[in-house]
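Accompanying notes for the structure given below.
The values are calculated or read from the model by the stated rules, or taken from the named source; none is laboratory data. Everything quoted here is computed from the prediction, not taken from an experiment. Cβ sites come from the backbone with ideal geometry, for glycine too, and all protein chains shown count toward neighbours. Quick note on the areas: whole protein, heavy atoms, side chains included, nothing else; ligands and nucleic acids left out. Shrake-Rupley method; radii C 1.70, N 1.55, O 1.52, S 1.80 Å.
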Amino acid sequence: MQVLMFGWEFPPHISGGLGTACYGLTKAMLRAEMDLLFVVPKLHGDEPGEGMELINASGVEMHPDDEVFQSADGKISLFEIDSTLLPYATEEEYLKLANELAKVQQVKKLQWDAKTYSFSGGYGKSLMEEVKRYAIVASKIAKTHDFDIIHAHDWLTYLAGIEARKISGKPLVVHMHATEFDRSGQHVNPAVFEIEQTGMQAADKVVAVSHLTRDTVIKKYGIDPDKVITVHNGVDPPAEKSPVDTTKHFPERIVTFLGRVTYQKGPEYFIEAAHKVLQRDDNVRFVMAGSGDMLPRMIRRVAELGMGTRFHFTGFLRGADVDRMYGMSDAYVMPSVSEPFGISPLEAMRSNVPVIISKQSGVAEVLKHALKVDYWDVDGMADAIYGTLNYPGLRSMFKKHGKNEVEGIKWDQAAHKLKKIYHHMLHE
Amino acid sequence: MNICLYFQVHQPYRLATYRFFDIGDHDQYFDAYANRFILQQVAEKCYLPANEVLLELIERYGDDFKVAFSISGMALEQFKAYEPKVIESFQKLANTGSVEFLAETWAHSLVSLKSKKEFKAQVALHEQAIWDLFGQKTVSFRNTELIYSNKIAQMVDEMGYTTMLTEGAKHILGWRSPNKLYNSAVVPGLRLLLKNFRLSDDIAFRFSNREWNEWPLTAEKYVSWLQQVSSDDDVINLFMDYETFGEHQWKETGIFDFLKAFPGLAIEEAGMRFKTPGIVAAELKPETELDVPYPISWADEERDLTAWLGNELQDEAFEKLYQLEEDIDRIADEKLLHTWRLLQTSDHFYYMCTKWFSDGDVHKYFNPYNSPYDAYIHYMNVLSDLSLRVQNMNGSATPGK
């Protein structure tokens, strides 16, 4: 089975969880004996392909007479791209093309100087353009490769997936790693929402990373429940790391929040819970590790509550400092308002740190040895923190089972489930 | 063939959501609203209608139909407080002379595994309650969750009981039949009635299960199974939760019709007699002695204690609970002692069981908490407050300390 897969990033050049997830999933798919063509906007040459064919969208040559400019139904699939940036051909060539393709109405001043487009592959200002352009390159790739099924990861690649489907007639799976509601709360970007919705409507199957996400997809995007399937993420075993110094220079126990300080992650609930715990238990310190748009407000709130000597901000942590933070922690809290999956509690559990996670996270669906509270239930969260710190039975249970449980959450399960879904689609 | 029907009646005092900031602030540990609500529901759905059915059966079959109940002290106390008609209904049954009330630990507790003194105190309390309400002097004993061991047998014997009920656990019986009377290897005077778990669970657990290849279970089919028991056997012990009727198995499953029909069929068509544990134990001669060095119970496949004790959460909570015994004894405060006993109920430890992570839908069904961890935190918060109170009262009870 040959799968044409569209991603946006690939290790080591990643900025979010999407790249990590794609990497873990694709490796497991190879182990499950599926063949993969994995397309990314930009390859740096140091990506560990490990048996799959990586396709660099930036290296795909486009010609004006490429049939890919026309999709199967004869309609032009060009998107509204700021034409001055259109990279595909020389001006003369484009004009020629435009004449041939009568439905292109407006041709503005164009700059034709390259046959390939160099994607940044990032999340910058021209993201929307890149997304659309990626779709055009995708149709060329679909035309020139053999495959049985198309799989697109997150909205950035959905238009690419749709184009590939139009050209090839092969079934399309779109994978929801996160929805616009997770990222932005109620203030959704309508353009992104529209691409997500269009992608899911056009897809033959939608894969959601948790039941929580599946629910969002059905309720907020109006997608037919019959075609939405949950495939929980897995985790890769950690890379060998050199041991870090986790010495604490004070006797109090540490409760940690580690993540972006943004609406989605629910940092304010952590602060309110900390305040409640501190009213009763002075043998504890709280740490908020991370940065984000809500950080200034959070610092002000901590000051307002007068607990600045017990509540600390570390800013953004990376690499060894993250491990050090886990190593020092006595409890880890993930109070996310909306978390499609959420991998950080698993990292904490690997370091034998008991975790308290919000019920509004996908990871809560797969974890047993964790305390689960509603993100808004500040009393429940405070109670869970206090219990974890003060009742030794919890600590020993988590120590005994937590690590094992994390090691049992594998990408191979996800890959096998996906294989079944593909199989079903191809033989329906 | 003798049939021995015993029904367990129990309702715990469920804990309220008690947060750590309540510790030291107030002692409203129990969810009075939920306890009342659940008790009234179960009374309506199960106790009252099931008692009606039994009363009709007793009236109809006279001496041939007798049953036994064990009603925990906490259930009795909650009936009195929330739904006194249930007590009256049991009194009506008691007045027929065809019902035996068994003795148990007042708090439906696991105290037999921990403290002889408190165990005996709770049994005495329960004996008194049965005497006061039903005018019966208890002659048979059943321990919480049918937990039994040689050590427990000795304590029960010391209290003057000659009959005790327990589980027909396979690993104890081996090839032997549960349908015989046995006696204890350490105190031969104590006769043992063993639950026939297959025939009991056919009603209690499987009755409404549509995936069971014997579904639907009719009275005719069930009585034919009772008849298949070897003619060498003496008694079939059908022990189950009374809540089976109308609560675990809903009325719509036909469970009440079944209860109405099968005793009549067994008596009239198969010549069987329904007797109480006290009568069976007096009439039969023990087959052989049973040696039970490690405690057995009626729970799960293992028939051991792991539903209540064994994981770190349960063990710690259990230890901390009984660490208070000496102080509570010394302080001798009625309310404190009562509260401590309410916290001894086996249900609290059952909620902390982690076994249902892998199996046991049954555990999940009976658990009001999202997870054993939630159950543990709530319980420990309450226990922390109780410990504080004990410390404070201890301080004032023994000045200078």
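With a 1.4 Å probe and all protein chains left in place, how much of the accessible area of the stretch B:312-397 comes from carbon and sulfur atoms, in whole percent? Of the solvent-accessible surface of the stretch B:312-397, carbon and sulfur hold 49 percent.
Which of rounded, prolate or oblate describes the stretch B:2-290 when judged by the alpha-carbon gyration tensor and an a/c cut-off of 1.5? Since a/c reaches 1.5 but b/c is at least a/b, the shape of the stretch B:2-290 is classed as oblate. Using a cut-off of 27 Å between Cα atoms, the listed pairs A:Lys143/A:Lys219; A:Lys265/A:Lys410; B:Lys66/B:Lys221 include A:Lys143/A:Lys219 as exceeding that distance.
Interface residues of the stretch B:19-42, defined as those with an accessible-area decrease of at least 20 Å² between the chain by itself and the complete set of protein chains (probe 1.4 Å), are B:Arg19, B:Phe20, B:Phe21, B:Ile23. What is the angle, in °, between the Cα long axis of helix A:17-31 and the longest principal axis of the Cα atoms in chain A? Nearest 10 is fine, range 0 to 90. The angle comes out at about 70 degrees.
Straight Cα distances below 16 angstrom link A:Lys368 to the aspartates and glutamates A:Glu347, A:Glu405, A:Glu407, B:Glu312, B:Asp359, B:Asp361, B:Asp374, with same-chain residues fewer than 8 positions distant left out.
Relative to the longest principal Cα axis of chain A, at what angle does helix A:190-202 sit, 0 to 90 degrees, rounded to 10? Long axis of A:190-202 versus the principal axis of chain A: about 70 degrees. Dividing the mean sequence gap of close Cα pairs (under 8 Å, 6+ apart) by how many residues the stretch A:253-407 holds gives a relative contact order of 26 percent. Note on the stretch B:95-208: Cα-only Rg and Dmax are 14.8, 43 Å. Solvent exposure of chain B, expressed per residue, is 40 Å² of accessible area, with all protein chains present and a 1.4 angstrom probe. For the peptide A:382-388, the mean number of other protein chain Cβ atoms found within 10 angstrom of a residue's Cβ is 6. Averaged over the residues of B:310-317, the number of partner chain Cβ atoms lying within 10 Å of the residue Cβ comes to 4. Using C-alpha pairs below 8 Å separated by at least 6 residues, the relative contact order for chain B is 23 percent. In straight-distance terms, cross-link reach from B:Lys114 covers every one of the lysines whose alpha-carbon lies under 23 Å from its own, apart from those fewer than eight places away in the same chain; here that gives B:Lys151, B:Lys320, B:Lys335, B:Lys355. Each Lys and Arg adds +1 at its Cβ and each Asp and Glu adds -1 at its Cβ; summed about the Cα centre, the stretch A:253-407 shows a dipole of about 320 debye.
Atom-type composition of the exposed protein surface of chain A places 49 percent of the accessible area on carbon and sulfur (1.4 angstrom probe). When accessible surface is computed with a 1.4 Å probe, chains A and B are found to bury approximately 1900 Å² between them, both chains counted. For the peptide A:267-280, the mean number of other protein chain Cβ atoms found within 10 angstrom of a residue's Cβ is 1. Shape analysis of the protein assembly as shown places it in the prolate category; the axes a ≥ b ≥ c from the Cα gyration tensor give an a/c of at least 1.5, with a/b above b/c. Comparing Cα centroids, the stretch B:191-205 and the stretch A:248-282 end up 52 angstrom apart. Under 5 Å from the amide H of A:Met334 lie the amide H atoms of A:Ile356, A:Ile357, A:Ser358, each residue being 5 or more positions distant or on a separate chain, with H modelled from the backbone and absent for Pro and chain starts. 3J(HN,Hα) along the stretch A:363-374, derived from phi through the Karplus expression 6.51 cos²θ - 1.76 cosθ + 1.60 where θ = phi - 60°, amounts to 5, 4, 6, 10, 9, 9, 8, 8, 8, 10, 9, 5 Hz, with x in place of Gly and Pro.
Computed with a 1.4 Å probe over protein heavy atoms only, the accessible surface of the stretch A:253-407 comes to 36 Å² per residue. When peptides B:171-181, B:14-24 are ranked by their average number of other Cβ atoms within 10 Å per residue, the highest-first order is B:14-24, B:171-181.
Using a probe of 1.4 Å, the accessible surface attributed to B:Glu302 totals some 80 Å² when neighbouring protein chains are kept in position. Summed over qualifying helices (DSSP H, 4 residues or more, each -39500 (n - 2.57)) and divided by its residue number, chain A shows a 222 nm mean residue ellipticity of -12000 deg cm²/dmol. Amide H contacts of B:Gly168 (H built 1.01 Å from N, in plane; Pro and chain starts excluded): B:Lys195, B:Phe197 sit under 5 Å, all sequence-distant by 5 or more or on other chains. The amide H of B:Asp241, built 1.01 Å from its N in the peptide plane, has B:Gln8 as neighbours under 5 Å, considering only residues 5 or more places off or on other chains. The protection proxy used here, the mean number of other Cβ atoms lying within 10 Å of each residue, ranks peptides B:2-8, B:152-158 as follows, highest first: B:2-8, B:152-158.
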